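The structure under discussion appears below in the form of structure tokens.
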Amino acid sequence: MAKGANQKIKVLYLMKILLNGTDDEHGLTLQEIAAELSDYGIDAERKTLYDDLETLRLFGLDIEQRRGKNVCYHVVSREFELPELKLLVDAVQSSKFITRKKSNELIKKLEALTSRHEAQQLQRQVFVANRIKTMNESIYYAVSYIHDALNTNVKVSFQYFDWNERKEKQLRHNGKLYCISPWALSWADENYYMIGYDDEQGIIKHYRVDKMQNLCLTEKPREGGALFKNFDMAVYSKATFGMFGGKEEHVVLRCKNHLAGAMLDRFGQEIAFHNVTDSHFEIRVTVQNSPVFLTWLMNFGSDITILSPESVKQAYIRLAKEALSQYE
């Protein structure tokens, strides 16, 4: 770009230099600012820099002038503060559904939202040893397609797969093309799920987004709106252990009192405690009866008893016997 053209956008380069090079702890002198502008082919005199800095203040950039050994200029506040960026970086790095490559790309973009000095703190923040990450790079774009389907009120089609013992994709139902009405996205148990309506079976189902392939939008309008009119994602997530489906049951559990915190963590503060004694209390919960729910109960051993229904009791007994039979 010609030198004269650069002069016309000097104030934009000045903003870039300040955002990249300064923060509450680090500032730049007018001489240092002029040197960096020179690297962009821009001449900057002290008088014009004062005017440009004032223009940026009027624009909304929070610039402070501080006097010490030298007079320095600092950008002291931004859209995202450093603690907020650290939280976002942690979320990206620890998210199992984002691949390692995409995590690194997103973190680089987050680093650009602060100064180069504070970005170093974010770089130290990101290391998580042996973090399990998804192997499906396309999930990042699949989530975007699903949002598009939600916004345009259309179904999506896709194939669904599992990983076999050779770490190969194995398509379900011989590569059947699923055609589902998406109604929500949920992040649960470190995975992203699409919650949708299967009109072939007339029921609500959920699908792990990282196990979808060849996902695309259709021109067919969504169905199942009546079921989702009063759909509560929080209630659905609490009832669906490990996002593993099963028959919905109203289960009564008798728990030792020291498990009160564990039950509130799992089912929420709204859950009612009944028949409270010095040693036990009872709760009534709506869950999808599945092996994941039953093995969750096993974590608490004899401190939890299933009082009803009988079908859930028997399923628990069968699962326990099957597990024990391997050691007999």
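Residue count for region 179-195, restricted to those that are closer than 14 Å to LYS220 by Cα and open to solvent by less than 20 Å² (accessible area, probe 1.4 Å): 3.
Residues that are surrounded by 15 or more Cβ atoms within 10 Å (Cβ to Cβ) and without any contact (Cβ under 8 Å) to a residue 40 or more places away in the chain within region 298-324 comprise ALA315, TYR316, LEU319, listed in sequence order. Residues in region 246-276 that are at pLDDT below 80, closer than 30 Å to ILE146 by Cα, over 20 Å from the mean Cα position of the chain (by Cα) and open to solvent by 40 Å² or more (accessible area, probe 1.4 Å): 1 in all. Keeping to region 123-143, report how many residues are open to solvent by 40 Å² or more (accessible area, probe 1.4 Å), under 23 Å from LYS220 (Cα atoms) and either aliphatic (A, V, I, L, M) or modelled with pLDDT of 85 or more (or both). Selection size over region 123-143: 0.
Residues that are more than 25 Å from TYR207 (Cα to Cα) and at pLDDT below 90: does region 300-321 have at least one? Checked against the condition, which is being more than 25 Å from TYR207 (Cα to Cα) and at pLDDT below 90, region 300-321 yields no hits at all. When we screen GLY225, GLY242 for residues that are at pLDDT below 85, surrounded by fewer than 16 Cβ atoms within 10 Å (Cβ to Cβ) and not polar (S, T, N, Q), the only hit is GLY242. Could you list, in sequence order, all residues of region 228-239 that are out of contact with any Phe, Trp or Tyr (no Cβ under 6 Å at 6 or more places or on another chain) and at pLDDT 75 or above? Hits for region 228-239 are LYS229, ASN230, PHE231. Across region 111-122, the qualifying residues are those that are crowded, with 18+ Cβ neighbours inside 10 Å and assigned to a helix (DSSP H, G or I), and the one among them that is farthest from the chain's Cα centre (by Cα) is GLU118.
Selection of region 181-208 for residues being assigned to a loop (DSSP other than H, G, I, E, B) and at pLDDT 85 or above yields ASP199, GLU200, GLN201, GLY202. Restrict the check to region 41-64 and report whether at least one residue is under 30 Å from VAL209 (Cα atoms), in a loop (DSSP other than H, G, I, E, B) and modelled with pLDDT under 90. No - not one qualifying residue is present in region 41-64. Collect the residues in region 26-44 that are more than 17 Å from LYS69 (Cα to Cα) and either under 40 Å from the mean Cα position of the chain (by Cα) or loosely packed, with under 13 Cβ neighbours inside 10 Å (or both), keeping them in residue-number order. Those that are more than 17 Å from LYS69 (Cα to Cα) and either under 40 Å from the mean Cα position of the chain (by Cα) or loosely packed, with under 13 Cβ neighbours inside 10 Å (or both): GLU36, LEU37, SER38, ASP39, TYR40, ASP43. Whether any residue in region 57-66 is surrounded by fewer than 16 Cβ atoms within 10 Å (Cβ to Cβ) and on the phi > 0 side of the Ramachandran plot is what I want to check. Yes, that holds for at least one residue. Please find, within region 277-297, the residue that is surrounded by the most Cβ atoms within 10 Å (Cβ to Cβ) out of those that are within 15 Å of VAL251 (Cβ to Cβ), of a type in the set (S, T, N, Q) and out of contact with any Asp or Glu (no Cβ under 9 Å at 6 or more places or on another chain). Per the criteria, the residue is SER290. For the structure I just gave you, tell me whether GLU168 is open to solvent by 60 Å² or more (accessible area, probe 1.4 Å), free of Cβ contacts under 8 Å to residues at least 60 places away in the same chain and in contact with a Cys (Cβ under 9 Å, 6 or more places away or on another chain). Judged against the criteria, GLU168 is not a match. When region 8-29 is examined, which residues are found to be closer than 11 Å to LEU61 by Cβ and either in contact (Cβ under 8 Å) with a residue 60 or more places away in the chain or touching a strand residue (DSSP E or B) at 6+ places or on another chain (Cβ under 8 Å) (or both)? If the condition is that a residue be closer than 11 Å to LEU61 by Cβ and either in contact (Cβ under 8 Å) with a residue 60 or more places away in the chain or touching a strand residue (DSSP E or B) at 6+ places or on another chain (Cβ under 8 Å) (or both), then LEU18, LEU19, THR22 are the ones that fit. Among the residues making up region 265-296, those that are part of a helix (DSSP H, G or I) and touching a residue at least 40 places away in the same chain (Cβ under 8 Å) are PRO291, VAL292, PHE293, TRP296. The condition (being surrounded by 14 or more Cβ atoms within 10 Å (Cβ to Cβ), basic (Lys, Arg) and at pLDDT 80 or above) is satisfied by just one residue among LYS86, LYS108, LYS96: LYS86. Out of curiosity, is ALA149 at pLDDT 75 or above, aliphatic (A, V, I, L, M) and in a strand (DSSP E or B)? Considered against the rule, which asks whether it is at pLDDT 75 or above, aliphatic (A, V, I, L, M) and in a strand (DSSP E or B), ALA149 comes out as no.
The values are calculated or read from the model by the stated rules, or taken from the named source; none is laboratory data. Computed from a predicted structure; not experimentally measured. Because the Cβ atoms are built from the backbone with ideal geometry, glycine has one as well, and the counts that use them run over all protein chains shown. Ligands, DNA and RNA are stripped out before the accessible areas are found, and what is left, the full protein with its side chains, is counted by its heavy atoms. Shrake-Rupley method; radii C 1.70, N 1.55, O 1.52, S 1.80 Å.
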